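The values are calculated or read from the model by the stated rules, or taken from the named source; none is laboratory data. Predicted model only: the values in this text are computed from it and were never measured. Because the Cβ atoms are built from the backbone with ideal geometry, glycine has one as well, and the counts that use them run over all protein chains shown. Ligands, DNA and RNA are excluded from the accessible area calculation, which covers all protein heavy atoms including side chains. Shrake-Rupley method; radii C 1.70, N 1.55, O 1.52, S 1.80 Å.
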Amino acid sequence: MRYRQFNFDLFDDADVQHSPTVLAALEALSLEGGIQARGAIFTRMEVVDFILDLVGYTEDKPLYKKRLLEPAAGGGDFLLQAIERLLKAWRASKNTESVVEDIADAIRAIELHQETFIATRAAVLQRLMQEGIAKSSAAILADRWLMQGDFLLERLDGQFDFVVGNPPYVRQELIPAPLLAEYRRLYQTLYDRADLYIPFIEHSLLALAENGSLGFICSDRWMKNRYGAPLRKLVADRFHLKVYVDMVDTPAFHSEVAAYPAITVISREKPGVTRIAYRPSIDRAMLVALAKELTGNHCFKTVGAMRELGLVPNHAEPWLLEAPDQMTFIRRLEKKFPTLEDAGCKVGIGVATGADKAFIGNFDALDVEPDRKLPLVTTSDIQSGYVEWRGQGVINPFDDEGALVNLHDYPRLRNYLNARRDVIANRHCALKTPANWYRTIDRITPSLANKPKLLIPDIKGKAHIVFEQGRLYPHHNLYFVTSETWDLRALQAVLLSGIARLFVAIYSTKMRGGYLRFQAQYLRRIRIPCWQDVPETLRYELIAAANTQDLRACNRAVSRLYGLADDEQSLLRGNGAYMALDLVDYERKVLEAIQAFWGNREAARQKQIESGKTDQGERAGVAAGKNMDGFIALVIDLVRANGLAHAKIHQKRAVLTLPGYFRPTKLWDLLVIHKGELIAAIELKSQVGPSFRNNFNNRTEEAIGTAHDFWTAYREEAFGKQPRPFVGWLMLVEDAPESRSPVRDASPHFPVFDEFKGASYLKRYDLLCQKLVQEQLYTTAAVITSPRTAVETGQFSSMSSMTDIKTFVTSLAGHIAAEAARLG
């Protein structure tokens, strides 16, 4: 894709005047009450200090002679820490001038929201007076430092040596139209569907002084997505991407966020190498050490989980931040082979209707003329890896030339659409062109249904490529590939192989849990040989591998197809940290583990009855000791599938103890040890009725005590000097009326926290798990609830996304993959 040259000179107007509608929109936003609407996400103190260290805003420098900008001050997360450092540096200088004269120009912080601005100003005043600065001087400094307004519309007074912060996460549709139009006029990086943080970065970069540094934590989507292209070009042309730190799945904020954050440090200087780190532990001491590594003068290519890559920004191209060996490999393939489409394959996406309930239904039940409907394939039809059509169909309002049909020529179609006109005509696309009210968002080309095609869901943990022989039309949640040159079965083998996954992993944005986005823009970047260059014997080998869905056979054939060397073939198998995670079909295995749990309990209870020992009640189900073995098997599969197949996985009681700090040893349920390092320690617990109160309290105290003892022992190097291991806590609780019923608590002296009032035991377990993770006592803590009837079905459910089994599984798989990469 070609991009026009931009002139990044902001506010060319001699005097910027904003229209009344823009000012009204600003006034409304400044009074907005909702944190989500304002895009306000507050950063943990450890992360704030880390970013200040990375940009070099440290008290050993003459900060009183420098200038720092915080473009979205919020509650003062960055501002207050910067003030503390500034004052320490000023006092160390023993400057004789007044504090106001010395440091009044050292900071500028801008905040739009009025209530937040007032609260932050008060916090700044309080901090300054606590530091011994007179109230009058503190007020002068606060008023010089802080500004209430819209950063994107402010003309800044001079340039800055440091810009730090966490810009707001606001989608375009939440910005009032007049204000969005003004932003688009001022910021040439606000391209396509870019979020608001994009112009924040542009404005901040252009405010940097020579050799100045910007340090932001924000979404990483712009680094690879289409809308980030103009900003990437600006960085490539005029700046140096010094540091990139992947912060996905780390507790970097005070609240859980849906964004995929990264820290970037960009300086106004000659471009050079980029130092990269991945998902650091949010621990102050470790972050201090990491900052020193990332900013030190020494040179390295690979140190632990850190890497150094040359010239990551490349015009407007997506940033490729993966391992050097993978980058070299991909670049070689790019030079040698054509793209997928240049090799004669077409990539597209299925139909979006804008009103699926109106346009889509059971094919046989759609009461329209036979040529006005098409059989539809969706993601639910291909979950098995093969097409298993469930009988859905889609209404087709287009003729063969792509024009809308005349409804007078199709009375049944007319009646069908008119019966649903209220829904169909109120779509955005219909309101724009009322005469075409019954068109789908995307044009439907009936001939596509008759073409053999490969179907690919958008988001998957690994490549999921399904052959469809030419009977069905794809839905919008599916991408498709057709070809007039390549045999589609052979092409399926290529796209199932590790080489396709590697292309997508490098070019796409990563999703939580290691999932990849198999979107058209990334699929089109895959390089393949031309079909006429493929030997006949290899053609048959590729087709046979695809027919059997044998991924190893696909990789073997594809290695021959591309002429890969041994070290390149190893990349197809994945090196852990940078390939998609393998979640080992965890949903099915959890169902089986649930069935085994209830089955083992019932078998143990029956055995007790048969032996005449019936006085143990529910203890009979516990005595078997094998109830959670299905979950242990799942953990073992995750470890072996994500790069540590040779790790020692301990399950026997005699080798499950670890040293403690407050007690000599602690017995765990499962330990993973590799090359003398503790990789993971996991506790697996369960609770069934009828007694929940005492068991809940006991489990809570046990979980907290175990974690506190463990991390204290870790601090004291009981396991040697090593990175933080994964510590997991998984709880299975019976889904029963007693566990779901509200519970009352008496606290005669002081009130209990609001979240516990009337909370059931299941809700309390959910809160416990959330807090165990938030307080960093466990890497991940999960609670699963399941009724006794699940012995037949494997039925289970989760209480929240933060504590569900998928979060547990993906977090563990990600940790294992990262350790596999680190330990080689």
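Figures for the structure shown
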quantity	calculated
Percent of alpha-carbon pairs separated by more than 22 Å within segment 158-263	31 percent
Relative contact order [Cα under 8 Å, 6+ residues apart], the chain, whole percent	8 percent
Trp711 - accessible surface, heavy atoms, 1.4 Å probe, Å² rounded to 10	30 Å²
Point-charge dipole on Cβ atoms (K/R +1, D/E -1) for segment 46-190, about Cα centre, debye to 20	220 debye
Rounded accessible area of Ile444 (nearest 10 Å², 1.4 Å probe)	0 Å²
Kirkwood hydrodynamic radius (C-alpha pairs) into Stokes-Einstein, segment 723-795, 25 °C and 0.890 mPa s, D in µm²/s	175 µm²/s
The chain, dipole about Cα centre (Lys/Arg Cβ +1, Asp/Glu Cβ -1), debye to the nearest 20	1300 debye
Antiparallel bridges, percent of DSSP beta bridges restricted to the chain (to nearest 5)	60 percent
Gyration tensor (alpha-carbon) shape descriptor, segment 766-818, a/c threshold 1.5	oblate
Coarse-grained scattering of segment 268-393 at q = 0.09, 0.12, 0.16 Å⁻¹, given as base-10 log I(q)/I(0) from a Debye sum over alpha-carbon atoms	-0.60, -0.78, -0.92
Correct option for semi-axes √(5λ) of the Cα gyration tensor in Å [calculated from the coordinates] among [x] 49, 34, 28; [y] 44, 40, 30; [z] 57, 34, 25	[y]
Largest-first ordering by accessible area, 1.4 Å probe, given options His646, His475	His646, His475
Cα gyration tensor category, rounded, prolate or oblate, for segment 698-824 with a/c compared to 1.5	oblate
Accessible surface, segment 71-207, averaged per residue in Å² (probe 1.4 Å)	40 Å²
Per-residue [θ]222 nm for the chain (sum of -39500 (n - 2.57) over DSSP H runs n ≥ 4, rounded to 500)	-11500 deg cm²/dmol
Pair-distance profile P(r), taking every C-alpha pair of segment 60-210, with 10 angstrom steps and integer %	11, 39, 32, 14, 5, 0
Largest-first principal axis extents, alpha carbons of segment 632-725, Å	43, 31, 22
Three-way shape label, segment 211-288, alpha-carbon gyration tensor, a/c 1.5	oblate
Lysine pairs with alpha-carbon atoms under 21 Å apart, segment 692-824, spacing 8 or more or separate chains	4
Full-extension gain in nm, Asn314 to Ala645, via 0.36 nm per residue minus C-alpha separation	115.5 nm
Mean Cβ count within 10 Å, highest first, over the residues of peptides 803-809, 55-61	803-809, 55-61
Neighbourhood net charge (13 Å Cβ-Cβ; Lys/Arg +1, Asp/Glu -1) for Thr433	+3
Dipole-positive endmost among Phe692, Gly660, Leu678 within segment 651-709 (Cβ charges, Cα centre)	Phe692
Candidate aspartates and glutamates - alpha carbon under 17 Å from Lys675, same-chain residues fewer than 8 apart omitted	Glu717, Glu819
Sequence of Asp237, Asp49 when ordered by accessible area, the most exposed leading, probe 1.4 angstrom	Asp237, Asp49
When each of Lys607/Lys666; Lys61/Lys292; Lys65/Lys94; Lys88/Lys242 is checked by Cα-Cα distance, pairs over 19 Å	Lys607/Lys666; Lys88/Lys242
